[in-house]
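Enquirer: Okay, here's the structure, questions in a sec.
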Amino acid sequence: MKQKWTTWVLLAVFVLLIGGAYLLYQVLGAGAQPGLAVEGGAATAAPAASPSAAPETSAAPSPDASTDESAGQDEEQRTAAPDFTVYDAAGNAVHLSDFVGKPVILNFWASWCNPCKSEMPDFEDAYGEYGQDIHFVMVNSTDGSRETVDTASSFIEDSGYTFPVYFDTDYDASVTYGVTGLPTTFFIDSEGYLVAYAISALDAETLQTGIDMLLPADG
């Protein structure tokens, strides 16, 4: 009986992960054009869009269309970042939607993940420079065994990092975004729309590229 129950639990987790991956595929494929790509383990800027294709995230109205009509089309083309629930160190629920109003850099990580640790100094530097303008949502993949709130918190404290950390103890965020590898990073604009994403560790230059996509050119 116990073996059968364990099998059903594993099957349910598998279905959730597949469902999350499918949702993410739908989200990214339906509207958002990723502005970053990871090739050969190094993050690089993605190729520019074809001149004949207008960026789907652009808010600029077409010359032969009214501003209202273009704005409506743009809203339809952009894709909202799916909401989720994680927890702060005190156990308070935090939702991605709580951060609408400023851009968000959403990063999935774990303290046992060496690529995650390699990019964290750059995230810390970016947080020090842009923390007033961008929400850094550093989501720890807290599975309760390999990674716990205590081990993750100790790592952050010992490393001297000051960016905000949240704990995905219910795996709501990871399943919602179909995250099956760490680190994974999403760039979300101030209205809550997906702008770009990257899989694997970012270097400082690529992280800056993502930040530049989120902030006004004069910002």
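Enquirer: Out of SER153, SER159, SER145, SER97, I need the residue that is among the small types (Gly, Ala, Ser), on the phi < 0 side of the Ramachandran plot and surrounded by 14 or more Cβ atoms within 10 Å (Cβ to Cβ). Which one?
Expert: After ruling out the rest, the residue left standing is SER153.
Enquirer: Which numbered condition in (1) without any contact (Cβ under 8 Å) to a residue 60 or more places away in the chain; (2) in a helix (DSSP H, G or I); (3) farther than 24 Å from TYR193 by Cβ; (4) not β-branched (Val, Ile, Thr) is the only one that ASP143 fails?
Expert: For ASP143, the failing item is (2).
Enquirer: Check PHE167, PHE187 and return the single one that is within 25 Å of ARG78 (Cβ to Cβ), in contact with a strand residue (DSSP E or B) (Cβ under 7 Å, 6 or more places away or on another chain) and either in contact (Cβ under 8 Å) with a residue 12 or more places away in the chain or not hydrophobic (A, V, I, L, M, F, W, C) (or both).
Expert: Every option except PHE187 fails the conditions.
Enquirer: Among (1) assigned to a loop (DSSP other than H, G, I, E, B); (2) of a type in the set (Ser, Thr, Tyr); (3) closer than 21 Å to ASP122 by Cα, where does TYR166 come up short?
Expert: (1)
Enquirer: Here's another thing I want to ask about it. With (1) open to solvent by 20 Å² or more (accessible area, probe 1.4 Å); (2) acidic (Asp, Glu); (3) outside any loop (DSSP other than H, G, I, E, B) as the list, and ASP133 as the residue in question, which single condition is left unmet?
Expert: Only one criterion is unmet by ASP133, namely (3).
Enquirer: Still on this model: Scan the range 204-219 for residues that are assigned to a loop (DSSP other than H, G, I, E, B) and either modelled with pLDDT under 95 or in contact with a helix residue (DSSP H, G or I) (Cβ under 6 Å, 6 or more places away or on another chain) (or both) and jot them down.
Expert: Result: PRO216, ALA217, ASP218, GLY219.
Enquirer: Is it the case that the range 115-129 has a residue that's part of a strand (DSSP E or B) and surrounded by fewer than 22 Cβ atoms within 10 Å (Cβ to Cβ)?
Expert: Scanning the range 115-129, I find no residue that is part of a strand (DSSP E or B) and surrounded by fewer than 22 Cβ atoms within 10 Å (Cβ to Cβ), so the answer is no.
Enquirer: Follow-up. Among (1) of a type in the set (Phe, Trp, Tyr); (2) open to solvent by less than 10 Å² (accessible area, probe 1.4 Å); (3) part of a helix (DSSP H, G or I), where does PHE186 come up short?
Expert: Every listed condition holds for PHE186 apart from (3).
The values are calculated or read from the model by the stated rules, or taken from the named source; none is laboratory data. Note that the structure is a prediction, hence the values are computed from the model and not measured. Note: ideal-geometry Cβ built from the backbone for every residue, glycine included; neighbour counts use all protein chains shown. For the accessible areas, the whole protein counts, side chains as well, though only heavy atoms, and no ligand, DNA or RNA atoms are used. Shrake-Rupley method; radii C 1.70, N 1.55, O 1.52, S 1.80 Å.
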